[in-house]
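In what follows, a structure is listed as structure tokens, so that the remarks can point back to it.
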Amino acid sequence: MSDFESDLPSNDRELQEFMMIEQQKAKVHEQLHEFNEICWEKCIGKPSNKLDSATETCLTNCVDRFIDTSILITQRFAQILQKRN
């Protein structure tokens, strides 16, 4: 058996893990994009030159939730990776 053949299962596992991680990243980006779209629709009634205080507060809260969500997702990925090792 050649060195390539003996390394194949390891490379296959690495490829599968890489693909899983990339799929999870794509899913996260999709969810965050959807979240941003919802916040935009919720907070911005109609575009104007200035933000009123209610719109500014809404967007600030939206950004805070975005950050909270990002942290939560990152922590969840870390847990998944720890379980695999």
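The values are calculated or read from the model by the stated rules, or taken from the named source; none is laboratory data. In this text, all values refer to a predicted model and were calculated from it rather than measured experimentally. Glycine also receives a Cβ, built like all others from the backbone with ideal geometry; neighbour counts cover every protein chain displayed. When the accessible area is computed, the model is the full protein with side chains, heavy atoms only, and any ligands, DNA or RNA have been set aside. Shrake-Rupley method; radii C 1.70, N 1.55, O 1.52, S 1.80 Å.
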All positions within the range 25-52 that are open to solvent by less than 90 Å² (accessible area, probe 1.4 Å) and either modelled with pLDDT of 85 or more or in contact with a Leu (Cβ under 8 Å, 6 or more places away or on another chain) (or both): Ala26, Cys39, Cys43, Ile44, Asp52
Residue selected from the range 31-85 under the condition among the small types (Gly, Ala, Ser) and free of Cβ contacts under 8 Å to residues at least 12 places away in the same chain, by the criterion nearest to Glu17 (Cα to Cα): Ala78
